[in-house]
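What follows is a single structure, written as structure tokens, with notes after it.
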Amino acid sequence: MFVLDSKFNRIKALRQIRCSPVTIWATSSLFLFIDTFVYALTVANLPDILQTSMHASKAVNGVVTAMFGVGAILGSLVAGLLSDRFHKRRIIQLVGAVVYIAAGIIFYFASGYYHMLIFRLINGMASGIACTLLYTVVGDVYPANLLGFKVAIIYFCNNIAYTIGPICGQKLYELDGVRAAGAIVIALGVLEFILVYVLLEDSLVLRGLLQSHETPSSPLPLAPCDVGILTPHCHNSNASIKSSEDGASYTPREANNATIGIPEGKESHDRLRTSDSTISLNNDGIPVTTSFWRLFLKLPVLIATISIIVSMGIQCLLESVVPLHIDDLGESDKGGITFVIYGLALTILVPVIGQVSNWLIGRYGEQARYYVMIFGSLTSILTLALLAFGKTYGVMMVAYSFYAISNLSLCIPAQSSYGDFSNYLGADSMARSYAIASIAWSIGAIAFPPIGTALYDSAGFSKPTFGLVVTSCVLCTLACLFYPLREYYSARRAYR
């Protein structure tokens, strides 16, 4: 038994050495590719599966589609709650991979409408677990970096999968029906399980190694205060510490600003206010996990959630009504290439938007994040006005392509905000934060398409679509304005 334990300890030590922030970042990007590919692979063929193979009514398609969002919300809540409470990221990632495999088995043997309902629910749960934790672990191992570019590269893989998934799904369905696609889902679930088990160490363990200088070649500046169970002795909030880079003395709050590129001093009002970053410590000085509700009501989290709901909602709205509009224009044969062009625009632009977002926040402070999101919201109105009222397919595609910039400007800063805020907060709340993000994505995907298609049936494409976009983007703009305005008036009061 002693020999066996020693062997497992050596294997764990080797895995810790091999595992790095870049490894976790790369595998997280791959996992989102798998998640989106499975979604696109199956959703593209739902009409053929339900109506042609299973002879179900068309009325059930919306219910089957919505079950994915329901499952995603459940999976996100469970992953966020358990991961932060028990500090076991890797185990829950393995459970998520097993859930993927179970979904694939159900899909492989599906022969009726209710089987597809169960498959979509289980697949949504697997997606909720995966999406919550893949962003969470990246936030864990990059505690001193802005996450915009990291999130952008992950989203880059999402866009590739979204572009090729429907094409592969159609080919697989033509090859051997649901069994071919089901076999691919099972295989991808097994691949994810193997990668997590063999390659990855728990991200919280790696975070502890990085912060305790046990990783001598760490590419990251070390954060001033360890997090959660990794910190038996967290620094006192009023104590000063020495920076390993310049020897200057900082308080923990100042050191957090310095390590992520936000200068202390006059620009300190551009970072998160004390009221948004107050945490409680237990008797051992360990940060106490913040509840979902209290975390959601923190201003950076609330604004980011609104922005993601709007961003995802508009994108899913367009996915549901643009094909109908293309038919109205007499260009029904161009439906597939339309989404390929939009997907390519997203894929090309996403790293650029992520890098620009990071540069602006690092240069001008946290309030720049909200100005980027306001830019995305307002330009969404302009580009979708052109899309809604354009009379030709060419004009519509120019507008749709430019909308990719607006969508990413709204989505990337919001998605990275959860991790940046959790790292700044210092509380054990990373998984809960990204659970809220995953729920926001699900709400947008569930709520907007039914409203859009209902308005399309009653009043056509242009005015209802544009009206819904304007309403949601104006609300999003007002929410994003609240943070810089509050900081402005707070700074004025402080200088009086």
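Overview of results
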read-out	value
Selected residue (criterion: least open to solvent (accessible area, probe 1.4 Å)) from residues of segment 29-82 that are farther than 19 Å from Ser442 by Cβ, assigned to a helix (DSSP H, G or I) and of a type in the set (Gly, Ala, Ser)	Ser29
Condition met for Lys391 (open to solvent by 40 Å² or more (accessible area, probe 1.4 Å), over 29 Å from Ser127 (Cα atoms) and in a loop (DSSP other than H, G, I, E, B))	yes
Contacts under 6 angstrom Cβ, first residue in segment 35-57 being closer than 17 Å to Ala126 by Cβ, partner of a type in the set (Ser, Thr, Tyr) and at pLDDT 85 or above, 6 or more apart	Asp35/Ser127
Every pair of residues 6+ apart whose Cβ atoms lie under 7 Å, when the first sits in segment 478-490 and is modelled with pLDDT under 85 while the second is open to solvent by 20 Å² or more (accessible area, probe 1.4 Å) and not acidic (Asp, Glu)	Glu487/His269; Glu487/Gln367; Ser490/His269; Ser490/Arg273
Residue satisfying condition, being within 19 Å of Ile101 (Cα to Cα), open to solvent by 50 Å² or more (accessible area, probe 1.4 Å) and without any contact (Cβ under 8 Å) to a residue 24 or more places away in the chain, within set Ile194, Ile184	Ile194
Subset of segment 83-121 [open to solvent by 30 Å² or more (accessible area, probe 1.4 Å) and among the acidic types (Asp, Glu)]	none
Conditions (1) touching a helix residue (DSSP H, G or I) at 6+ places or on another chain (Cβ under 9 Å); (2) touching a residue at least 12 places away in the same chain (Cβ under 8 Å); number of the one not met by Ala454	(2)
Residue list for segment 340-373, filter: under 22 Å from Ala445 (Cα atoms) and open to solvent by 50 Å² or more (accessible area, probe 1.4 Å)	Ile341, Leu344
Within segment 420-447, tally of residues that are open to solvent by less than 30 Å² (accessible area, probe 1.4 Å), modelled with pLDDT under 85 and in a helix (DSSP H, G or I)	2
Selection within segment 137-158 - closer than 19 Å to Phe33 by Cβ and modelled with pLDDT under 85	none
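The values are calculated or read from the model by the stated rules, or taken from the named source; none is laboratory data. All values reported here derive from a predicted model rather than from experimental measurement. Note that we place each Cβ from the backbone using ideal geometry, even for glycine, and neighbour counts take in every protein chain shown. For accessibility, only protein heavy atoms count, side chains too; no ligands or nucleic acids. Shrake-Rupley method; radii C 1.70, N 1.55, O 1.52, S 1.80 Å.
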